[in-house]
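Participant: This structure is in structure tokens; I'll ask about it shortly.
What follows draws every value from the coordinates through simple rules; no lab data is involved. These numbers were taken from a predicted model, which means no experiment stands behind them. Here the Cβ is made from the backbone with ideal geometry for all residues, glycine too, and neighbour counts use every protein chain on show.
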Amino acid sequence: MKLYEYEGRRLFELYNIPQARSGVASTPSEARAVAEKLSPPYVVKAQVLVGGRGKAGGIKFAETLEQVELVAKKILGMKIKGITVKKVLIVERVDIARELYLGYILNRSLRTIDLLASSIGGIDIEAVAREKPRALIKISIDPILGLQNFMVRRVFKHLNLDSSLFDDFKAIASSLYSLFVEYDCELAEINPLALTADNKLVAVDSKVIIDDNSLFRHPDMLQLKSERLAELSEIERKAKLLGLSYVKLNGNIGIIGNGAGLTMATMDLVSFYGGAPANFLDIGGGARRERVENALSLILEDPQVKVVLINILGGITKCDEVALGIVSALEKHDNKPVVVRMMGTREDEGKAILESRGIKVLESMDEAARVAVNLSKG
Amino acid sequence: MPILVNEDTRLLVQGITGREGSFHTKLMLDYGTKILAGVTPGKGGQKVHGIPVYDSVDEAIEKHPEINTSIVFVPAKFAYDAVLEAVNCGIELIVVITEHIPVHDSLKFIRYAKYRRSLIVGPNTPGVISPGLSKVGIMPGKVFKRGKIGLVSRSGTLTYEVANEISKSGLGISTSVGIGGDPVNGLDFIETAKFFLEDENTDALVIVGEIGGDAEERFASFIEKTGFEKPVVAYITGRTAPPGKRMGHAGAIISMGTGDAKSKIEALNNAGIQVAETVSSIPKILFNLLK
């Protein structure tokens, strides 16, 4: 789960990472009220979960309370990469002398935690890696040993900061590492980490991504997760509440499969035969009839869908349960063709159920994909 | 002798009294897997499908010193502790079926296993099967026919689909290893391929990859650097997946400019590995390479 900047800042506060004072608002007058408690000048920042908001006009300066209200009005409601801005953050402006980067990220290949630091910050870190790789230092941390002093010393030297700042830097690096580990982060970064004109280190932005699988041990994050539900489209929210893995796509062939890999392979095959998937929907392992019925109903209700392709390879999943689910969904929504390919556990029973309702079950996924593509073009 | 699991496999089931653990213990027994014991803390003394249950791994090993492999069905919240316990008791191979384990937990138990020289397969894996000899996993045994093709995959049901095509073609499988769908895995493509290279029962290798991470790219550069004396065919799923969206399990996401199917396919092609466009075309490519 990606955190908004203001949510990340709350975590930074919890870990005593120095940052300018700030507050969040969802209306222009609220923004003014927030600013009243801070000292000018201010920065007003759009709160969205996509990058590039500065370029899109989502970050603006303000000197007075009136200006805060005015720019908040401009930013709230604007669209950044298709997402409407619903909240703004008002921060006391920091007098920046230099911008650095400090972050921790999971290293999937080495199975470690990587400390990344750069003497150039404030911009996309991948751009730094591409264009000025020598600005970047990367240290792999053994997850059992954790962050060690020599690592901090190496990074500090690389960043070429005044030696009087060592203790402050070490405190920030250690705090961010603790946050990363204790909050089960996939990513925790400060970009930019600013060196101010009066020689202090201050976090000017936060980016934190928390592992969804860990939320059971972070009740505060579970709370945020449920708030996120409200931000989804209706069909995505429905799918999430039903516990289905669903992703909306642009085509007209609804895809349902069991297992992420097989479902993606089904999408790919539909494209291979010239069709366009309308969605990805994985019913997961061992789905019972209700789950299948819900999944199929959801897809049949999507006006963009012209035909549905169901591809099931039963291991834990039982084909007869799937068939019963399909039948009950079609009793309610019998308006679109449904193509089924099914094999594996209790395959014969499943086929019998579907064929007794006039639904032919296809043997191979290639054939099923071809049939679905043809129907989508008819 | 096939890799990882074979006729010498003597299995412990961790979480044997749970719904999944008990159900699959039955299926593995039916398949012929030699299961000696199960563990569920607090439930020692019971039997599940005739298999004795113990409170701890060391107790199980004390009674059944032949145990060399463990399969873990313990729920995600408690899986970390269960895997550490198995590693600590010196079990050589630990197959972690459990999905949704927090990735920081996996990082730590995988690292600890490296120190102690245990092998971990998974987490979030369908398991490992050497058809006809031993099944340590949840896969439907009947789609895996005995043969000489090694199979390594990141995703569950897709593995069954690929195995089914290979089995139907008459080629068959020597061992199928599900390395798991999570962002970090105990065994990766490269480590698994090294086992297959040494295995006289394996003539060719099929790699089933997907979007997310760079495991396929690293495998490609490993093949490019070392050469690989056995033919390799790859299949990558998620060609049509959009960036930034998690497609089902946690590992399958195109994020931060890396992990799309295109870069994986390019890397594999550049290493001289043929990438099948569809699952059903895999056997034909294998036949050509094995000619």
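Participant: Going through the DSSP H helices of chain A, which span 27 Å or more along their own axis at the Cα atoms while scoring at least 1.0 as a mean Kyte-Doolittle hydropathy? Please report the intermediate quantities before stating the final value.
Facilitator: On the way: long enough: none.
None pass (Cα extent of 27 Å or more, hydropathy at least 1.0).
Participant: Taking amide H positions as placed 1.01 Å from N in the peptide plane, with prolines and chain starts having none, which residues 5 or more places from residue A:4, or on another chain, fall under 5 Å of its amide H?
Facilitator: Close amide H contacts, sequence-distant or interchain: none at all.
Participant: Using Cα atoms only, what is the angle between the long axis of helix B:76-88 and the major principal axis of chain B, expressed in degrees (0 to 90) to the nearest 10?
Facilitator: Orientation of helix B:76-88: about 80 degrees from the principal axis.
Participant: Taking every residue in B:104-114, how many Cβ atoms of other protein chains lie within 10 Å of its Cβ, on average? Could the numbers behind the result be given before it?
Facilitator: Numbers: counts 13, 5, 4, 11, 5, 2, 2, 7, 2, 0, 3.
The shielding value for this peptide is 5.
Participant: Rounded to the nearest 5, what is the percent of antiparallel bridges among the DSSP beta bridges in the range B:145-210?
Facilitator: Just about 0 percent of them are antiparallel.
Participant: Could you run the Karplus curve 6.51 cos²θ - 1.76 cosθ + 1.60 with θ = phi - 60° over the range A:191-196 and give me ³J(HN,Hα) per residue in whole Hz, x for Gly and Pro?
Facilitator: Listing the rounded values in order: 8, x, 8, 9, 9, 7 Hz.
Participant: Full extension from residue B:47 to residue B:66: what is 0.36 nm times the residue separation minus their Cα-Cα distance, to one decimal in nm? Could you put the intermediate results ahead of the total?
Facilitator: On the way: separation 19, 0.36 × 19 = 6.84 nm, distance 1.89 nm.
Difference between extended and current length: 4.9 nm.
Participant: On to the next question. If I take R0 = 25 Å and measure r between the Cβ atoms of residue A:97 and residue A:2 in this structure, what FRET efficiency does the formula 1/(1 + (r/R0)^6) give, to the nearest 0.05?
Facilitator: Numbers: r = 30 Å, r/R0 = 1.19.
Here the calculated transfer efficiency is 0.25.
Participant: How large is Rg over Rh for the range A:140-254, taking Rg from the Cα atoms and Rh as the Kirkwood inverse mean of 1/r across Cα pairs? Mind dumping the intermediate values first?
Facilitator: Details: Rg = 19.8 Å, Rh = 17.5 Å.
Expressed as Rg/Rh, it is 1.13.
Participant: Based on the alpha carbon coordinates of the range B:193-243, what radius of gyration and maximum Cα-Cα distance (Dmax) apply, in Å?
Facilitator: Every Cα atom of the range B:193-243 included, Rg and Dmax give 12.5, 41 Å.
Participant: Working only with C-alpha atoms, what are the Rg and Dmax values of the range B:222-291, expressed in angstrom?
Facilitator: 13.9, 42
Participant: Largest first, please: the extent of the C-alpha atoms of chain A along each principal axis, to the nearest Å.
Facilitator: Computed over chain A, the largest-to-smallest principal extents equal 80, 50, 38 Å.
Participant: Mind checking the angle between helix B:215-226 and chain B's longest principal axis? C-alpha axes, 0 to 90 degrees, to the nearest 10.
Facilitator: Between the helix axis and the principal axis of chain B, the angle is about 70 degrees.
Participant: If you don't mind, there's one more thing I want to ask. State to the nearest 20 debye the size of the charge dipole of the range B:184-252 about its Cα centre, where the only charges are +1 on K and R beta carbons and -1 on D and E beta carbons. Please list the in-between numbers first.
Facilitator: Numbers: 7 positive and 12 negative charges, 96 e Å.
Roughly 460 debye, rounded to the nearest 20.
Participant: Taking R0 as 30 Å, what's the FRET efficiency between residue A:301 and residue A:273 from their Cβ-Cβ distance, rounded to 0.05?
Facilitator: Numbers: r = 25 Å, r/R0 = 0.84.
That gives a FRET efficiency of 0.75.
Participant: Rule-of-thumb check for the range B:21-115: C-alpha Rg over 2.2 N^0.38 Å? Before the final figure, lay out each step's value.
Facilitator: On the way: Rg = 13.0 Å, N = 95, 2.2 N^0.38 = 12.4 Å.
For the range B:21-115, the normalised Cα radius of gyration is 1.05.
Participant: Separate question: Quote the relative contact order of the range B:122-164 in percent (integer), defining contacts as alpha-carbon pairs under 8 Å separated by 6+ residues. Mind showing how you got there, number by number?
Facilitator: Values: 38 pairs, mean separation 15.0, N = 43.
The value is 35 percent.
Participant: If you don't mind, another one. Neighbouring Cβ atoms within 10 Å as the yardstick, rank A:291, A:153, B:10, A:9 fewest first.
Facilitator: On the way: A:291 19, A:153 13, B:10 16, A:9 23.
The order, fewest Cβ neighbours first, is A:153, B:10, A:291, A:9.
Participant: Which value in deg cm²/dmol, rounded to the nearest 500, describes the helix-derived mean residue ellipticity at 222 nm for chain A, given -39,500 (n - 2.57) per DSSP H run of n ≥ 4 and division by the residue count? Before the final figure, lay out each step's value.
Facilitator: Details: 13 runs with 146 residues, N = 378.
Dividing the helical sum by the residues of chain A leaves -12000 deg cm²/dmol.
Participant: Please turn the phi angles of the range A:120-134 into ³J(HN,Hα) values with the Karplus equation 6.51 cos²θ - 1.76 cosθ + 1.60 (θ = phi - 60°), one per residue in order, whole Hz, x for glycine and proline.
Facilitator: With coefficients 6.51, -1.76 and 1.60, one gets 10, x, x, 10, 3, 5, 5, 5, 4, 4, 6, 8, 10, x, 6 Hz.
Participant: Same structure, new question: Can you compute the modelled spin-label distance between residue A:127 and residue A:154, with each label point 7 Å from Cα toward Cβ, in nm?
Facilitator: For the pair residue A:127/residue A:154, the computed spacing is 2.8 nm.
Participant: Still on this model: Report, in degrees rounded to the nearest 10, the 0 to 90 angle that the Cα long axis of helix B:261-270 makes with the longest principal axis of chain B.
Facilitator: 70
Participant: Related question: Could you give the size of the charge dipole of chain A about its Cα centre, using +1 on the Cβ of each K and R and -1 on the Cβ of each D and E, expressed in debye and rounded to the nearest 20? Walk me through the numbers on the way to the answer.
Facilitator: Working: 51 positive and 49 negative charges, 135 e Å.
With only Lys, Arg, Asp and Glu charged at Cβ, the dipole is about 640 debye.
Participant: Hey, another quick one. Quick check on the protein assembly as shown: of the DSSP beta bridges with both residues there, what percent are antiparallel, nearest 5%?
Facilitator: On the way: 58 of 111 bridges.
Rounded to the nearest five, the antiparallel share is 50 percent.
Participant: Given chain B, what percent of its DSSP beta bridges are antiparallel, to the nearest 5?
Facilitator: Details: 10 of 46 bridges.
Counting only bridges with both partners in chain B, antiparallel ones make up about 20 percent.
Participant: Here's something else I'd like to know. With a cut-off of 8 Å between alpha carbons and a minimum separation of six or more residues, what is the relative contact order of chain A in percent?
Facilitator: On the way: 748 pairs, mean separation 46.2, N = 378.
Value for chain A: 12 percent.
Participant: In percent, what relative contact order does chain B have, based on Cα pairs under 8 Å that are 6 or more apart in sequence?
Facilitator: Details: 672 pairs, mean separation 41.2, N = 291.
Over chain B, the number comes to 14 percent.
Participant: Suppose R0 equals 30 Å; then what is the FRET efficiency for residue A:64 and residue A:199 from their Cβ-Cβ distance, rounded to the nearest 0.05?
Facilitator: Here the calculated transfer efficiency is 0.60.
Participant: For residue A:76, what is the net charge nearby, where nearby means another residue's Cβ is under 9 Å from its Cβ and Lys, Arg count +1, Asp, Glu -1?
Facilitator: Details: positive: A:73, A:74, A:86, A:87; negative: none.
Every neighbour counted, the sum reads +4.
Participant: Also, I was wondering about something else. Could you work out the local net charge near residue B:202, counting Lys and Arg as +1, Asp and Glu as -1, over the other residues with Cβ closer than 13 Å to its Cβ? Don't skip to the end; give the middle numbers.
Facilitator: Details: positive: B:146, B:148, B:194, B:230; negative: B:198, B:199, B:200, B:203, B:229.
Taking every other residue near residue B:202 into account, the sum is -1.
Participant: While we're on this one: Given H placed 1.01 Å from N in the peptide plane, which residues other than close sequence neighbours of residue A:141 have an amide H under 5 Å from its amide H?
Facilitator: Close amide H contacts, sequence-distant or interchain: A:113, A:114, A:115.
Participant: Rounded to the nearest 500, what is the 222 nm mean residue ellipticity of chain B from helices alone, with -39500 (n - 2.57) per DSSP H run of 4+ residues and division by all residues?
Facilitator: Computed mean residue ellipticity for chain B: -10500 deg cm²/dmol.
Participant: Now for a separate question. Choose one of A:115, A:338, A:140: the residue whose Cα lies farthest towards the positive end of the charge dipole of the protein assembly as shown (beta-carbon charges +1 Lys, Arg; -1 Asp, Glu; about the Cα centre).
Facilitator: Of the listed residues, the answer is A:338.
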